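What follows is a short report on a single structure.
The values are calculated or read from the model by the stated rules, or taken from the named source; none is laboratory data. Predicted model only: the values in this text are computed from it and were never measured. No Cβ is skipped: glycine too gets one built from the backbone with ideal geometry, and neighbour counts run over all protein chains shown.
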Amino acid sequence: MDFLKYNFFRKNDFFYKLPKFNFFKKKIFSNELAEIMFGFGDSENPLKKTVLFLEKLILNFFHGLVSSVTYIAFWRAKKRPTVEDLLFCIRNNPRKILKITYLLKMKILIEKIMGPQKKSPSFKGKNIFPLKIAQMNEKF
């Protein structure tokens, strides 16, 4: 039975079975990207081609990241991907790991100050960092 599991659920097959989205039907981030580009020194009204190109890059990045995190969660026999799966997926990029841990710390700090939101998942009492932050700073 294990042979069938490993034979039919390879990583490439898993990515192939995920739904493909047509990114150009709906412009999701175009207004925000134009504002971000202006903030970083581009013209006030950047070309639509440039905005669409950046949007395509961002959506492809997120699609690949979500696909790989879902694949890792699948092999760990989890129903949903966790923060540990995300950290495992980007373990070779120290800048991304530090940024994600910083954002999670800030989320916890904001939850302590403001109180938990209704729809926001809470991380109270859970160890969301598989490595201690001191160990991560020593590594990188």
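Mind listing whichever residues of the range 24-72 are in a helix (DSSP H, G or I) and among the acidic types (Asp, Glu)?
Of everything in the range 24-72, those that are in a helix (DSSP H, G or I) and among the acidic types (Asp, Glu) turn out to be 32, 35, 55.
Hey, any hits in the range 78-90 for a residue that's more than 15 Å from residue 31 (Cα to Cα), loosely packed, with under 15 Cβ neighbours inside 10 Å and aliphatic (A, V, I, L, M)?
no
Among the numbered criteria (1) surrounded by 10 or more Cβ atoms within 10 Å (Cβ to Cβ); (2) modelled with pLDDT of 90 or more, which single criterion is violated by residue 137?
With (1) surrounded by 10 or more Cβ atoms within 10 Å (Cβ to Cβ); (2) modelled with pLDDT of 90 or more applied to residue 137, the lone miss is (2).
Based on this model, can you work out whether residue 19 counts as at pLDDT below 90 and either of a type in the set (Lys, Arg) or assigned to a loop (DSSP other than H, G, I, E, B) (or both)?
Criteria met by residue 19.
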